[in-house]
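Readers should treat all values here as calculations from the given coordinates under stated rules, not as data from a laboratory. No experiment lies behind these values; they were computed from the predicted model shown. Note that each Cβ is placed from the backbone with ideal geometry, even for glycine, and that neighbours are counted across all protein chains shown.
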Amino acid sequence: MFQAPLPSEYAELTDDLAAGRIEAAKRALGSRLVVLGHHYQRDEIIRHADYRGDSYKLAKDAGAHPEAEFIVFCGVHFMAESADILTPDSQTVILPNLAAGCSMADMAGIFQVRSAWKQLAAVVGVPESPPPTPPSVSEGTNHPPKTEGGAPVVPVTYINSAANLKAFVGEHGGTVCTSTNAPAALRWALERGDKVLFFPDQHLGRNTAYRMGFDPDRDMALWDPFKPLGGNSADHLRQAKFILWKGHCSVHKRFTVEQVERARAEFPGVSVLVHPECPLDVFKAADLAGSTEYIIKTVEAAPAGSVWAVGTEINLVSRLAKENPDKTVFCLDPQICPCSTMYRIHPSFLCWVLENLAAGTVVNAVRVPEAIAAWARVALQRMLDVGP
Ligand code: 13P
Ligand code: SF4
């Protein structure tokens, strides 16, 4: 998304000045405002968050504050879109910098997914015509589990995807998942169909299916959207249980088994804890894997003196180290790896949106058109119904 440059008054603000002005604007707005902060946000932003969390928790937090007129989401675009979809029109969701996207989410586009669905239809018989109108979420969104046969393919999208992909899965009997509930979501999907089309993160899909006992070679196919049949034979697609989109996170693909081995050699007794967006060999080599919230809770609950090598974004890892001085916490990757798009939420942008709100002007509202939001809401509600 395009973000116009900040007025020079804001562009030149020091972090200290911005912090004072952010707090003043928050005080002026009072309970009309809730600020949400994803765990990858820098310290200068997270200190202003009323609630911190992973994608799953923040999606729930967004829907849990009906009193707030404004939800300022310090995270990336797909998170703000999800919050807008899950909240009524009377609440406005604001992303301080509209250029804060997610490169993984950009790896699957709606035309590519529609094309994949059509090609799969030819091979495994995906139903072509979805039901015409979305059910109201209060009527319930769960399709019943399959009786005989079930759907040939159930689409599941990671929450790191655009709203129109969430609408696609809602319309086609699928669900959204996050790293918190990916195992429950995949089980849910397999109760309703024979196969899962999972996008856009191949690694979360592969790691989760592997943990469920599926074989990466026999039971999984990788779908390259730039090749016919995703680069697979029709037979392999018929055999596969999981068709995994060829997308990845550029931050998490940097983690390697060599780094795990080095950490184990240098710190005997270290526990290696990674995000499930890491490649399968790293996931297997680690002791534990889970969402950002899981990573934080796990280290917080660990005994004093324990040592943790963590495979995820550096702002989270550095803060975790600072907030747990009785433990040794370090990043698996010695070359630090920030998420460059999360980093675009700079204090100057937060100050700019909040001071505008306090003065009665809404800037950077994220509004998903209802034609898309209706089915996307069905898919997100299934994610919440499936539970963590
Ligand atoms: P979490 O839902 O675990 O916070 O992950 C979000 C994300 O983008 C990880 O790269
Ligand atoms: Fe997207 Fe990766 Fe950044 Fe998460 S860490 S927001 S998946 S680019």
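Results, tabulated for the structure shown:
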{"read-out": "Kirkwood Rh (inverse of mean 1/r, distinct Cα pairs), region 1-48, angstrom", "value": "12.5"}
{"read-out": "Table column - 3J(HN,Hα) (Hz), region 86-101, Karplus curve with 6.51, -1.76, 1.60, x for Gly and Pro", "value": "8, 10, x, 4, 6, 10, 10, 9, 10, 10, x, 10, 5, 7, 7, x"}
{"read-out": "Cut-off under 5 Å, modelled amide H: who pairs with S306 long-range", "value": "T328"}
{"read-out": "Dimensionless Rg ratio for the chain, taking C-alpha atoms and the 2.2 N^0.38 Å reference", "value": "1.00"}
{"read-out": "Taking T180, T133 and counting other C-beta atoms within 10 Å, the order from fewest to most", "value": "T133, T180"}
{"read-out": "Dipole of the chain, positive end: most advanced residue of F226, P66, T292 [Cβ charges, Cα centre]", "value": "F226"}
{"read-out": "Protection proxy ranking of 42-54, 299-311, 191-203 - average other beta-carbon atoms within 10 Å, highest first", "value": "191-203, 42-54, 299-311"}
{"read-out": "For region 252-331: Kirkwood Rh in Å [reciprocal of mean 1/r, alpha carbons]", "value": "12.3"}
{"read-out": "Label-point separation, R27 to S8 (7 Å along Cα→Cβ), nm", "value": "3.0"}
{"read-out": "Nonlocal amide H pairs with T92, under 5 Å, H built at 1.01 Å", "value": "F70, I71"}
{"read-out": "D43 versus F111: modelled label distance in nm, points set 7 Å from Cα along the beta carbon direction", "value": "4.6"}
{"read-out": "Qualifying trypsin sites (Lys or Arg not before Pro) in region 324-372, DSSP loop, other Cβ atoms within 10 Å at most 14", "value": "R367"}
{"read-out": "³J(HN,Hα), Karplus 6.51/-1.76/1.60, whole Hz, each residue of region 326-333, x for Gly, Pro", "value": "7, 10, 9, 10, 9, 7, 4, 8"}
{"read-out": "Net dipole in debye of the chain [+1 Lys, Arg Cβ; -1 Asp, Glu Cβ; about Cα centre; nearest 20]", "value": "600"}
{"read-out": "5 angstrom amide H check on K241, placed H, neighbours 5+ away", "value": "M220"}
{"read-out": "Computed FRET value (nearest 0.05) for D281 with S103, which takes r as the C-beta separation and R₀ as 25 Å", "value": "0.70"}
{"read-out": "Likely footprinting exposure, L354, L384, fewest C-beta neighbours within 10 Å first", "value": "L384, L354"}
{"read-out": "C-alpha center-to-center spacing [region 39-115, region 230-278] in angstrom", "value": "26"}
{"read-out": "Nearby lysines by direct alpha-carbon distance to K227 (threshold 17 angstrom, same-chain neighbours under 8 apart not counted)", "value": "K118, K246"}
{"read-out": "Inter-probe distance in nm under a simple model that places probes 7 Å from Cα toward Cβ, at Q335 and Q239", "value": "3.7"}
{"read-out": "Fraction of antiparallel bridges per DSSP, the chain only, in percent to nearest 5", "value": "5"}
{"read-out": "For a label point 7 Å along the Cα-to-beta-carbon line of F226, residues of region 95-127 with backbone N under 14 Å", "value": "107-109"}
